[in-house]
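To start, the structure under review is shown below, and the notes come after it.
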Amino acid sequence: MTTEPNAVPCVERIKVGAVPSAAAMARIFVRQALRTWNLDRLGDDAELVVSELVTNAVKATEAASSALGMYGMAADMVVIEIAAHDDTLRIAVEDSSRQRPALQVVDGDAEGGRGLFLVEALCIRWDALLLDNGKVTWAELPLTPGPGA
């Protein structure tokens with residue numbers, strides 16, 4: 001299936017456990033969907049974005065579950081959705097935490113904390129939508145290269 005502007009949206013969803021390996025599963029899921037849609041050219045950027053969003057979701061889910069005394073319960077899940085429509089590829093990750101993601105200020109020696117800076121640099125836009133039982137953090141990549149690309 002090839003996606004073109006104004007074509008019927010291509011959408012895939014997967015639910016995975018909120019565990020450290022979730023980011024690796026998300027990268028494989030995204031790569032396979034993009035290959036099916038003939039959008040392989042977006043693979044590297046999309047894998048990086050989904051990896052950062054899922055990593056943040058897993059950390060947020062662990063924190064929310066720990067605060068409720070439920071760490072490690074089977075109900076701790078992350079839902080990943082990828083959708084290509086019009087001129088964007090939207091990657092959305094749902095988790096059980098209502099804590100909004102925020103850009104972190106980190107010093108040069110920090111080993112982490114730069115994920116959302118990468119998402120912001122690669123994507124047209126990103127945000128989070130609070131739900132009754134958690135949130136969805138989403139980011140959009142352009143389907144076509146911009147000027148000078």
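Read-outs: derived from the displayed coordinates by stated rules, not from any lab. Since the structure is predicted, the reported quantities are computational estimates derived from the model, not experimental observations.
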Please turn the phi angles of segment 127-141 into ³J(HN,Hα) values with the Karplus equation 6.51 cos²θ - 1.76 cosθ + 1.60 (θ = phi - 60°), one per residue in order, whole Hz, x for glycine and proline. 5, 10, 10, 6, 10, 4, 10, x, 7, 10, 9, 10, 8, 10, 9
Chain lengthening between LEU131 and THR144 when straightened (0.36 nm per residue, less Cα-Cα): 1.6 nm
For THR88, enumerate residues with amide H under 5 Å from its amide H, sequence gap 5+ or separate chain, H modeled in the peptide plane. LEU143
